[in-house]
Amino acid sequence: MAEIIRVQKGTKDILPAEIDLWHFMEEKALEVFSNAGYKEIRTPIFEATELFARGVGDTTDIVNKEMYTFEKSERSLTLRPENTAGVVRAFIENGMHRLSAPIKLWYKGPMFRYERPQAGRQRQFHQVGMEMFGIKDPAADAEAIALAIRYLNALGLNDLDVEINSLGCPECREEFKTKLKNVIRPYLNDLCEDCQKRFEKNPLRLLDCKVESCKEIYAKPEIQEVIQSDFICSECSEHFTLLKTYLNDLGIKYSVNKLLVRGLDYYNRTVFEIKSNNLGSQNAVCGGGRYDSLVRNLGGQDTPAVGFAMGMERLYSLMQQFPQKKLTAYIVSNETSSAIKLVSDLRNNGISCDFDMTNKKFTKQMEKASKLADYALILGEDEIKNNQISIKNLAESTQKTISRDDIISVLKQVN
Ligand SMILES: [Zn+2]
Ligand SMILES: [Zn+2]
């Protein structure tokens with residue numbers, strides 16, 4: 001036998017036994033986002049490498065270590081590691097700034113990052129998310145947070161913690177970065193390798209470090225004093241205060257986490273993260289924020305924007321499995337020509353059904369019907385002779401015989 005070719009490390013088949021839950025996540029996304037006036041956008045899986053270098057930020061791990069980049073016809077292309085950059089490119093290229101604000105878009109689909117695979121982290125993974133363009137007011141930030149919560153609730157994830165923070169604007173943030181660097185500088189040699197690199201390139205990301213020895217350093221009183229200080233300027237502060245007012249109006253509980261900086265370079269002012277407490281442990285399920293300079297940085301008109309993304313594999317792992325969808329009917333018969341006609345007739349009338357093509361024994365067919373369908377439709381010799389069908393409710397084990405002519409109306413009633 002020929003050698004088996006296996007699925008690539010960090011990738012996964014989504015199998016028929018899992019697909020109902022994926023469809024459920026996708027249908028709920030369509031429902032919840034449409035309900036708030038969002039339209040889906042589908043951008044290409046690969047883009048010019050430069051889009052991500054400029055759009056995601058060339059100091060991020062994503063761009064430096066994790067991109068799938070390849071050359072074709074002397075162009076450098078990259079499989080999208082996230083979708084915001086692609087959506088922004090499409091927004092600019094299609095002149096969407098001319099539409100009346102807000103321009104509301106959502107997306108879902110596969111993303112690619114070359115990471116060490118671990119539980120819930122794959123190299124090809126899926127995200128669902130939204131972007132809203134054109135609104136400076138924190139009403140947009142509040143809507144994004146409320147929308148994320150509504151979607152998570154629709155998936156049955158109700159035990160949520162919302163954390164928010166303001167990163168300020170480029171001006172006030174610069175001052176904060178300087179203060180932060182000054183207070184951390186004496187400990188520079190004790191920081192982990194990543195933090196030593198981040199120190200010059202992107203000191204805000206120091207606060208993201210998960211290394212215990214770094215966390216201990218950042219917990220020192222003089223460093224905490226800088227981290228916890230209100231460094232943001234009065235305009236940024238007003239924006240943040242108004243966001244909190246809106247969230248209070250919406251009855252959304254949140255906490256302010258000054259350590260929340262998010263991994264991406266493009267955020268300003270609002271950043272937020274939502275954690276789920278479903279299934280015992282706490283898991284981050286949604287991250288987002290405001291990115292007012294990204295559209296301009298990618299060559300578009302100055303356009304404020306807010307967005308979030310969620311990892312669908314993570315959502316999947318937190319959702320309760322529900323019973324697989326069944327067919328409405330399964331035809332049990334040894335008369336293939338009668339069965340095939342009945343199946344066709346039912347399907348033409350929108351009733352989901354199937355039948356046995358292998359001519360198994362009645363008992364085997366009944367077993368299969370119980371697994372696959374809600375009703376068994378029995379077409380035996382007597383039924384065919386009398387133009388009848390016996391219909392068995394498989395959950396209740398009740399059976400009755402009806403006229404062949406009534407079957408569609410009967411099944412439509414129970415469907
Ligand atoms: Zn500011
Ligand atoms: Zn560190």
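Readers should treat all values here as calculations from the given coordinates under stated rules, not as data from a laboratory. This one's a predicted model, so the numbers in the text were calculated from it and none came from an experiment. Note that we place each Cβ from the backbone using ideal geometry, even for glycine, and neighbour counts take in every protein chain shown.
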Handout entry: I340/I252 FRET efficiency (R0 56 Å; Cβ-Cβ; nearest 0.05)
Key = 0.50
Practice task
Measure off 7 Å from each Cα along the Cα-to-Cβ vector at N158 and E171, then give the distance between these two points in nanometres to one decimal.
Solution key: 4.6
Practice task
Please turn the phi angles of region 299-316 into ³J(HN,Hα) values with the Karplus equation 6.51 cos²θ - 1.76 cosθ + 1.60 (θ = phi - 60°), one per residue in order, whole Hz, x for glycine and proline.
Solution key: x, x, 6, 4, 9, x, 7, 9, x, 8, 9, 10, x, 6, 4, 5, 4, 4
Practice task
List the residues whose amide H sits under 5 Å from the amide H of E40, counting only those 5 or more places along or on another chain, with H placed 1.01 Å from N in the peptide plane.
Solution key: W106
Handout entry: Nearest 10 degrees, 0 to 90: helix 16-35 Cα axis against the chain principal axis
Key = 60
Exercise for the section: Pairs of Cα atoms under 8 Å, at least six residues apart: use those to get the relative contact order of the chain, whole percent. Expected result: 15
Exercise for the section: Starting from the Cα gyration tensor of the chain, multiply each eigenvalue by 5, take the square root, and state the resulting semi-axes largest first in whole Å. Expected result: 53, 23, 21
Practice task
With springs connecting C-alpha atoms under 10 Å apart, model the chain as a Gaussian network and identify which of N257, N202, N334 has the largest mean-square fluctuation.
Solution key: N334
Exercise for the section: Quick one: what are the phi-derived ³J(HN,Hα) couplings along region 129-139, Karplus 6.51/-1.76/1.60 with θ = phi - 60°, whole Hz, x for glycine and proline? Expected result: x, 9, 9, 10, 10, x, 10, 7, 4, x, 4
Exercise for the section: Could you list, in their original order, any pairs among K72/K108; K210/K258; K179/K244; K12/K210 whose Cα atoms are separated by more than 21 Å? Expected result: K72/K108; K179/K244; K12/K210
Fill in the blank from the handout: When H126, H23, H97, H239 are ranked with the fewest other C-beta atoms within 10 Å first, the list becomes H23, H97, H126, H239
Handout entry: Highest to lowest packing among 171-178, 294-301, scored as the average C-beta count within 10 Å
Key = 294-301, 171-178
Practice task
Just grab the label-to-label distance for R185 and A101, each label 7 Å out from Cα along the Cβ direction, in nm (one decimal).
Solution key: 3.9
Problem - the chain: most fluctuating residue of S237, S76, S34 per GNM, C-alpha cutoff 10 Å - result: S76
Fill in the blank from the handout: Diffing region 166-176: the Karplus 3J(HN,Hα) column from phi (6.51, -1.76, 1.60, θ = phi - 60°), in whole Hz with x for Gly and Pro, holds 10, 8, x, 9, x, 5, 6, 5, 4, 4, 5
Practice task
Please list the non-local residues whose amide H lies under 5 Å from the amide H of V332, H modeled 1.01 Å from N, same-chain partners needing a gap of 5 or more.
Solution key: L377, I378, L379
Fill in the blank from the handout: Listed by chain and number, the residues whose amide H is under 5 Å from that of Q127, excluding neighbours fewer than 5 places away on the same chain and using placed H, are G109, M111, M312
Handout entry: Where labels lie 7 Å past Cα in the beta-carbon direction, separation of S370 and Q399 in nm
Key = 1.3
Exercise for the section: Please give the calculated 222 nm ellipticity per residue for the chain, where each DSSP H segment of at least 4 residues contributes -39500 (n - 2.57) and the sum is spread over every residue; nearest 500 deg cm²/dmol? Expected result: -11500 deg cm²/dmol
Handout entry: Charge sum, other residues only, whose C-beta stays under 13 Å from E175's C-beta, Lys/Arg counted +1 and Asp/Glu -1
Key = +1
Practice task
Return R347, R54 ranked ascending by Cβ neighbour count within 10 Å, so the fewest neighbours appear first.
Solution key: R347, R54
